[in-house]
Ligand SMILES: [Zn+2]
């Protein structure tokens, strides 16, 4: 006997804020991704970082638990600077900074920060932007360089 049920989404009653799925893409569109963010959006912490890269890219970053690149991974390029432990991914065609990911065990290891400017259908004027002090965060290099 098959216990069939309608597609039942498990709801996390412990979690007070709901999450909404958002789509994003780079400026020229080949790179597309989706992520889930707390709703309403003002509950989200959005960071304007002052590190030497963000100073130029002017990305507005939000740390996300998961994100999925569903198209255009072949267009993504990776850049690293400083301790080389933060991966910066940008579109190799239009140059848009799509997301960054830490590979440093001592700083948000494995976590991704997406560039909020690439999300579709959001009003960035409604989000509160916090200052991030990346300029003064000195990440230790990896003890064993995997390269
Ligand atoms: Zn692009």
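Out of everything in the stretch 95-113 that is surrounded by 14 or more Cβ atoms within 10 Å (Cβ to Cβ) and within 15 Å of the ligand (Cβ to nearest atom), what residue ends up being farthest from the chain's Cα centre (by Cα)?
The qualifying residue farthest from the chain's Cα centre (by Cα) is 96.
Given the criterion within 22 Å of residue 102 (Cβ to Cβ) and modelled with pLDDT of 95 or more, identify the matching residue among 52, 83, 25, 48.
48
So which strands (runs of 3 or more DSSP E) stay within the stretch 30-79 end to end and still have 2 or more residues that are out of contact with any helix residue (DSSP H, G or I) (no Cβ under 7 Å at 6 or more places or on another chain) and within 16 Å of the ligand (Cβ to nearest atom)?
32-39, 67-71, 76-79
The values are calculated or read from the model by the stated rules, or taken from the named source; none is laboratory data. These figures come from a predicted structure and were not determined experimentally. Positions of Cβ are generated from backbone atoms using ideal geometry, with glycine treated the same way; all protein chains shown enter the neighbour counts.
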